[in-house]
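Remarks on the structure that follows.
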Amino acid sequence: MNRFPALMYHRILSAHLPAPAPEERPWSVTAEAFARQLDRLAESGRVGVSMRDVHGMLASGGRVPPAWVALTFDDGNASDHAVALPALAARGFRATFFVCGERVDAAGGLSREALREMHAAGMHIGSHAMTHRFLTTLDAVAERAELARSRELLESVAGAPVDHFAPPGGRWSRRTARTLRELGFAAVSTSAFGYNDAARARFAYRRIPVMLGTPLARFEAIARGSRAPLLPAYARAAALSTLRAVLGERGYARARAARPGGAS
C-alpha cells in the first residue's frame, strides 16, 4: 500500500466526561467505541503512531510501514489524559495531541501535570493555536501571536520541542504556512480529507475524522487504506470546500453552525 491514514479524533466520551454541548457530541467517540477501534488495530497487526513518528520517518528518507496508523487528537480535552492515554498505553500505541493553549489548566481541558504525564508516556504534544479562533479571520499580527504563544506555553510545560501544528477548524492559509515555517514548525496536520503518500514527506498532511457515527467496519476500511468505502466522504469534502469558497469564511461558518454537528 502506497498510502497511510492519519486519524483525527476530538473528544472521547465517558460517564464522567460527557460532551459539554450538543453540537460537540457528533465529533466525539465513546470510550467503548474507542477501545474497540484500538483493539481492531492491534488484532490486525497495526500500530498506532504519532505524526512525529510519521514525519520523522519520511523526512529521513524512509517510508511509512504498512502497519502504521497515525492517531491524532485535537483541542486538548480532559479525556485525552483520562481516557485516551491509558487506552493507548495499554496497547503500546502512541499518538499526537494537538492542544489549544487556552485549555491548559482550564475546566474540561488538560492540566499541566497531565500534559507532562502524557509526554513522559511517549505521547507527542503539538499545537492547536492559543484560543481556537479560526486563523483565516485574524490579521497577520494576531495570527502570529496565536501560533507563537501556544508553542511557547506548550514547550514550557512539556519540556520538549513543539513543532507540529493542527489549525483550529481546519482553517489556515498561505500566510499561516509562511508564519509556521518562520517559527520553525516542521509539519501541519490539516482537516483536508484523505490518505497520505507513504513514501513522501509533506509539510501538510491530510486526516480522516473518526466520529460518533463512524461504523466499526468503516473504521477498519480506513485503517486498511481502502478508498472505495470513502468515496462518498471524498465527494462531501469537495462539496464543502466549494461551499466555503463561495460563501467566504464567515458565511461558511454560519451555514455549518446551522447544521447538526456543523460547528467543528
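The values are calculated or read from the model by the stated rules, or taken from the named source; none is laboratory data. What you see is a predicted model, and the numbers here were worked out from it, not measured in a lab. Counting neighbours? That spans all protein chains shown, and the Cβs are built from the backbone with ideal geometry, glycine included. Calculation scope for accessible area: heavy atoms of the full protein, side chains included, ligands and nucleic acids excluded. Shrake-Rupley method; radii C 1.70, N 1.55, O 1.52, S 1.80 Å.
Remarks
- Shape class of the range 97-163 from the alpha-carbon gyration tensor: prolate, with a/c at 1.5 or above and a/b greater than b/c.
- Surface per residue (accessible, 1.4 Å probe) for the chain, Å²: 44
- Fraction of accessible area attributable to carbon and sulfur, the chain (%, probe 1.4 Å): 54
- Cα gyration tensor, the range 47-167 - rounded (a/c under 1.5), prolate or oblate: oblate
- In terms of its alpha-carbon gyration tensor, the range 55-111 comes out oblate; a/c meets the 1.5 threshold, while b/c is at least as large as a/b.
- Charge sum, other residues only, whose C-beta stays under 12 Å from GLY225's C-beta, Lys/Arg counted +1 and Asp/Glu -1: +2
- THR30 long-range amide H proximity, modeled H, under 5 Å: LEU13
- Overall Cα dimensions of the chain - principal axes, largest extent first, Å: 47, 44, 41
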